[in-house]
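The values are calculated or read from the model by the stated rules, or taken from the named source; none is laboratory data. Just so it is clear, the structure is predicted and the values come from calculations on it, not from any experiment. When we count neighbours, we look across all protein chains shown, and the Cβ atoms used for this are built from the backbone with ideal geometry, even at glycine.
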C-alpha cells in the first residue's frame, strides 16, 4: 500500500534505529530524504549530489547508521565519485543543532575503490550484529568479470568487505577477517570478508537470527540468494565467475564448479522469471503476519515478489506473493521490522501489509426533527433507515470509506448509544483509551460494539498519512449531545460556523483517518 511519494529515483530505505520513527530514503542523484509519519520532509537530510556521478548503476547507493547513532550521530554512505566513478565509502555526523540535517563539513572518506567500468558497483552498507560495517562490492563491471576480480584476493571488487569503524584511522580490520594479519606476498586485502560475488546489489541481516542474506545479481542465466550464518562465513567463496547460481559457467579462474571450497546459494531462479534480483529481508514485522520468518525479495525486471521459506528438511521454496508492472529498486525496514519497498518509476515508497479486509461505506443520515446526525456501515441498519422503518432519517449524501475490521495501522471504532436525557444519539471513537474512558465515566452510555468498523487513529499533528483522508468530529455543544463525522472540509467549516466544536488532534482538529 502507498506510504509516501515525491522521492526521485529511490535506491535505499533505512531507519536510524534512534526511536524517532523516521525513514531515510536514498535518492540515486545524491540526496538523502526523510519521511516522518508518512510525509516527505521538504529539506534533504544530506545533499551530496555535487560529489556523485549518477545514472545507470552509478550514484549515491548506500546508507547505514551506526548502531550507537543516537549517542554518536555517525552514519556512512556509499557513492560513485563524480571525478572518475570510483566507489567511495565516507562517514558523516548529524548536525549538532538539527536532528533532521547532516553536517556536510563532518565528511571523512574511509575507503576509495577504483571501478574499471560503470556497472556492477554493489552499493549496500549494513552494520552486522558483530558491530562491524559490511560493504557489498560488485566485480567491477562489463560482463563475465573479464579481470576475474571476484576470485582475486588482491582486489576488493566482487567481495563482501567488513571493517571496524570504531577503531583505527580511518578504520581497523576485524581480527576474524580471513586475511587479517596475512604474511603472504603479495598480501591479500584484509578488508575482504567473503568473495565470489558478481553484483550484491542488496543484502541484509535477519534481525532475529543475525544471519546474512545476499541477493547477487546474475549474468545471463540465474539470479541467486546466498546466506551466511551469524558468527560464521568468514572466507566464504560464493563461486562467481565459475558459477552463476547453481549453474556452471564454463569460465576459469577459481575453484572448480561445485567444489566443496565454494559456498553454494540456498536458492536461485532463471531468467524466465526475471533478470535482476532485488534482495530483501527476512520479515519480522507485524503488518504482514503471513510473511513472518520468510525472506521477501523481488525481481527488478519482472516485478515479481516472492517469499522464501525453509522446510524442516532444509530445502527452500519461493511463493509468488505479488506481481507488479515494475520491480522495486530496494526494500527497507522500519524500527519495528515492518517492510517497505521503493518504486523508482513512481517516485514512491510502498508499505507491505497483508491483504486488507474489505472496504465498507459509512453512510450519513440526518433527522430534522432532532437536528441530529447519525452514521452507519451496517447493511441491516441502512436498510431500516432507507425504508423509514426507523422514521425521520434521510441520507445527507455524504459518506466515507472504512475497513470492515482492524488491520495493522488501524483500530476498531467503538460505538456508544446516548439514551434520552444524555443525547438520544451515538458517539464513535477510534481511540481505545477514549473508548475505555467513556465507558468508565458515563455509565448511562450504552456500549453497542467495540468494533463497528475500523479507521486509523488521528495523528497528533493532524496530518493523515499518504493514502488516508481526515475524518472530522464536530460536537453540537448542546444538552442533547450529538456529533457529526465528516471527511468534507467545507462541511466541517460550515458546522463550526454554526457553533459546533471541532474535536481531535492538530491545528485543524482531526479525530480519525479513513482510507481514500
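I need a count of the residues in the stretch 448-479 that are farther than 30 Å from residue 5 by Cα and surrounded by 15 or more Cβ atoms within 10 Å (Cβ to Cβ).
4
Can you name every residue in the stretch 505-515 that is touching a strand residue (DSSP E or B) at 6+ places or on another chain (Cβ under 6 Å) and either farther than 28 Å from residue 3 by Cβ or surrounded by fewer than 20 Cβ atoms within 10 Å (Cβ to Cβ) (or both)?
Correct list: 509, 515.
Every residue in the stretch 68-96 that is over 17 Å from residue 132 (Cα atoms) and either touching a helix residue (DSSP H, G or I) at 6+ places or on another chain (Cβ under 7 Å) or part of a strand (DSSP E or B) (or both), please.
79, 80, 81, 82, 87, 88, 93, 94
Among the residues of the stretch 420-428, is any under 38 Å from the mean Cα position of the chain (by Cα) and either surrounded by fewer than 22 Cβ atoms within 10 Å (Cβ to Cβ) or on the phi < 0 side of the Ramachandran plot (or both)?
There is at least one residue in the stretch 420-428 that is under 38 Å from the mean Cα position of the chain (by Cα) and either surrounded by fewer than 22 Cβ atoms within 10 Å (Cβ to Cβ) or on the phi < 0 side of the Ramachandran plot (or both).
Residues in the stretch 304-312: is at least one out of contact with any helix residue (DSSP H, G or I) (no Cβ under 8 Å at 6 or more places or on another chain), farther than 20 Å from residue 246 by Cβ and surrounded by 14 or more Cβ atoms within 10 Å (Cβ to Cβ)?
yes
What residue, among those in the stretch 342-358 that are out of contact with any helix residue (DSSP H, G or I) (no Cβ under 8 Å at 6 or more places or on another chain), buried (at least 16 other Cβ atoms within 10 Å of the Cβ) and in a loop (DSSP other than H, G, I, E, B), is modelled with the lowest pLDDT?
Out of the qualifying residues, it is 356.
Testing residue 474 on (1) in contact with a strand residue (DSSP E or B) (Cβ under 6 Å, 6 or more places away or on another chain); (2) assigned to a loop (DSSP other than H, G, I, E, B), one condition comes back false. Which one is that?
(2)
For residue 84, are the conditions met, namely being surrounded by fewer than 16 Cβ atoms within 10 Å (Cβ to Cβ) and either closer than 28 Å to residue 220 by Cβ or over 29 Å from the mean Cα position of the chain (by Cα) (or both)?
Judged against the criteria, residue 84 is a match.
Quick one: in the stretch 321-341, of everything that is outside any loop (DSSP other than H, G, I, E, B) and at pLDDT below 95, which residue is surrounded by the most Cβ atoms within 10 Å (Cβ to Cβ)?
Checking each candidate, the answer is 321.
Here's a check for you: in the stretch 97-114, which residue that is farther than 16 Å from residue 51 by Cα and in contact (Cβ under 8 Å) with a residue 12 or more places away in the chain is surrounded by the most Cβ atoms within 10 Å (Cβ to Cβ)?
Ranking the candidates gives 101 first.
Go through the stretch 451-462 and give me each residue that's farther than 13 Å from residue 430 by Cβ and either at pLDDT 90 or above or out of contact with any strand residue (DSSP E or B) (no Cβ under 9 Å at 6 or more places or on another chain) (or both).
Passing the criteria: none in range.
Can you give me the number of residues within the stretch 385-411 that are closer than 24 Å to residue 422 by Cβ and either surrounded by 19 or more Cβ atoms within 10 Å (Cβ to Cβ) or touching a helix residue (DSSP H, G or I) at 6+ places or on another chain (Cβ under 7 Å) (or both)?
Residues in the stretch 385-411 being closer than 24 Å to residue 422 by Cβ and either surrounded by 19 or more Cβ atoms within 10 Å (Cβ to Cβ) or touching a helix residue (DSSP H, G or I) at 6+ places or on another chain (Cβ under 7 Å) (or both): 3 in total.
Considering the stretch 228-241 alone, what residues qualify as being surrounded by fewer than 19 Cβ atoms within 10 Å (Cβ to Cβ) and either within 16 Å of residue 150 (Cα to Cα) or within 27 Å of the chain's Cα centre (by Cα) (or both)?
229, 230, 231, 234, 235
Out of all the residues in the stretch 360-384, which are under 30 Å from residue 291 (Cβ atoms) and exposed (fewer than 14 other Cβ atoms within 10 Å of the Cβ)?
Residue satisfying the conditions is 361 alone.
How many residues does the stretch 40-53 hold that are touching a strand residue (DSSP E or B) at 6+ places or on another chain (Cβ under 7 Å) and closer than 23 Å to residue 348 by Cβ?
Adding up the residues that qualify gives 9.
Can you find, within the stretch 175-195, the residue that is nearest to residue 125 (Cα to Cα) among those that are touching a strand residue (DSSP E or B) at 6+ places or on another chain (Cβ under 7 Å) and without any contact (Cβ under 8 Å) to a residue 40 or more places away in the chain?
Once the filter is applied, the top-ranked residue is 192.
If I ask for residues that are touching a strand residue (DSSP E or B) at 6+ places or on another chain (Cβ under 7 Å) and at pLDDT 95 or above, which ones from the stretch 276-292 would you list?
Matches in the stretch 276-292: 276, 277, 278, 279, 280, 281, 282, 283.
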